[in-house]
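Nothing in this text is a laboratory measurement; each read-out follows from the coordinates by a stated rule. Every value quoted in this text rests on a predicted model; they were computed, and no experiment measured them. So basically every Cβ, Gly included, is an ideal-geometry build from the backbone, and we count neighbours across all protein chains shown.
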Amino acid sequence: MRIAVLKERAAGERRVAITPETVRKFAALGAEIAVEAGAGEHAAIADGDYEDAGAAVGPAAETVKGADIVLGVQAPDVELLAGTKPGAWVAATFDPFGRKDRVSAYAEAGLEALSMEFMPRITRAQSMDVLSSQSNLSGYKAVIAAADQYGRAFPMMMTAAGTVQAARVFIMGVGVAGLQAIATAKRLGAQVSATDVRSATKEQIQSLGAKAIFVESVAGIEGEGSGGYATEMSEEYQKAQSELVSGHIAKQDIVITTALIPGRAAPRLISDAQIASMKPGSVIFDLAVAQGGNVEGSKPDELVVRHGVTIMGYSNTPSHLAADASALFARNLYNFLSAFWDKEQGKPVLDEEIGNAVRLTQGGEIVDERLKG
Ligand code: NAD
């Protein structure tokens, strides 16, 4: 069983799908590991660290030669995978709806694409879930980046020269990233409030010591669909939410938006008029900027200043914490494959529930129902 890992080639991608820690763990299962030279460069992992852990380090073509499984953060282009075993698995993020061309190319090449974004949201798969591990770090980084951009302090400070007021931070969307953003802003001493469309998050917000801002006037709306994800809300709800949020946003110094709806563009949460109502010097971090943005006018990897308010967001937030993001991503992949390791066969054998959820291609065909047709 040979596992190969290539250097990531997508622009701005600084993570790597394997670490010396997981090289050792895979080796303990009996696997042979090959890593492309320089793969860990941006995640503070030297080639020698991989070699010390027992991996062979070399050029790309040699790395993938004879591989049974290729691991990636973002799925490599199919041209890079020539020389892998027939039917080799590739476990990585595929952006399956955005990059159907790549999925088709994998099918044509006879590769088995395992999409880590499609990991089911079930308890036993939590340790395999890259969306959660990466969102957690993103929520933290958004607050740190916004704090750095903000020209004032976060905590209240009483000094001999007078008092500095605590920053008011508002988190919109309280999933994995939003919860970590609340916790981080609290640790920095800010006054924190948060909102979401899923009513279940109210208690979570309060348990972190933040204020919950919720639409109470529209009855019978839970906002929660399958797998704990949000659903698209009614027009009536959206209007009520916009009014409530407008009054609140005008008083905030920092706003972090994290709202996503699977398979759709990110919902628009902040309009230009709402930005104009904020104090000059305020900062908005749009964590959904790469999915179309929650904030009017936000642009990936650019500082946009509108009405004196700075709007920012990264196209790849976890990459800004490449070492930790890689460590967690690599553990997710190890947890996934090792959970299914068949000792007699010396390779992983996926079960139906998880295998059918993550498998996009097999036997030369696209097998995922969502992508067929
Ligand atoms: P997400 O990234 O899909 O969305 C971020 C947040 O934005 C969500 O809380 C969503 O409700 C919210 N949102 C969407 N539209 C909004 C709007 N118009 N206004 C305000 N907020 C809006 O969410 P996520 O981080 O993936 O988490 C969703 C849920 O799934 C959470 O309860 C999380 O704990 C759960 N989860 C479970 C597992 C598991 O069991 N394996 C794994 C990951 C997440």
Inset, instruction - Report, as a whole number in µm² per second, the diffusion coefficient that Stokes-Einstein gives for region 223-373 at 20 °C and 1.002 mPa s using the Kirkwood radius over alpha carbon pairs. - result: 114 µm²/s
Legend entry - Loop trypsin sites (Lys or Arg not before Pro), region 285-371, which have at most 13 other Cβ atoms in a 10 Å radius of their Cβ (DSSP): Lys343, Arg370
Inset, instruction - Would you list, by chain and number, the lysines whose Cα falls below 18 Å from the Cα of Lys85, excluding same-chain residues fewer than 8 positions away? - result: Lys65, Lys347
Legend entry - Cα lying deepest toward the dipole's positive end in the chain, options Thr93, Gly292, Ala55, charges on Cβ: Gly292
Inset, instruction - Mind listing the long-range amide H neighbours of Lys251? Cut-off is under 5 Å, sequence gap 5 or more, other chains count too, H placed in the peptide plane at 1.01 Å from N. - result: none
Legend entry - Reciprocal of mean inverse Cα separation for the chain (Kirkwood radius, Å): 22.0 Å
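What is the order of Trp89, Trp341, fewest Cβ neighbours within 10 Å to most? Don't jump to the answer; show the numbers that get you there.
Details: Trp89 23, Trp341 16.
If I rank by nearby Cβ atoms, fewest first, I get Trp341, Trp89.
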Inset, instruction - Restrict the search to region 152-219; then list the trypsin sites (Lys or Arg not before Pro) that DSSP places in a loop and that have at most 16 other Cβ atoms within 10 Å of their Cβ. - result: Arg152
Inset, instruction - Would you work out which of Leu188, Ala273, Phe214 lies farthest towards the positive end of the dipole of region 135-315? Charges go on Cβ: Lys and Arg +1, Asp and Glu -1. - result: Leu188
Legend entry - Note, ³J(HN,Hα) from phi for region 189-201, Karplus 6.51, -1.76, 1.60, rounded to Hz, x at Gly and Pro: x, 7, 8, 10, 10, 7, 9, 7, 8, 8, 5, 4, 7
Inset, instruction - Could you pull out every residue, at least 5 positions away or on a different chain, whose amide H is within less than 5 Å of the one on Glu112? Hs are placed 1.01 Å off N in the peptide plane, and Pro or chain starts have none. - result: Ala88, Trp89, Val90
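So, R0 is 35 Å and r is the distance between the beta-carbons of Ala44 and Glu203; what FRET efficiency does that work out to, to 0.05? Provide the component values of the computation, followed by the final result.
Details: r = 38 Å, r/R0 = 1.09.
The calculated FRET efficiency here is 0.35.
Can you count the Lys pairs in region 135-315 with C-alpha separation below 18 Å, eight or more apart or on different chains? Intermediate values should be presented prior to the final figure.
On the way: Lys141/Lys186; Lys141/Lys299; Lys186/Lys202; Lys186/Lys211; Lys186/Lys251; Lys202/Lys211; Lys211/Lys251; Lys251/Lys279.
The result is 8.
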Legend entry - Student exercise, the chain dipole from Lys, Arg, Asp, Glu Cβ charges, in Debye to nearest 20: 1000 debye
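So if the hydrodynamic radius of region 135-315 is defined as the Kirkwood radius over C-alpha pairs, what does Stokes-Einstein give as its diffusion coefficient at 20 °C and 1.002 mPa s, in µm² per second?
Details: Rh = 16.3 Å.
This corresponds to a translational diffusion coefficient of 132 µm²/s.
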Legend entry - the chain: angle of helix 322-339 to the longest principal axis, Cα-based, in degrees nearest 10: 50 degrees
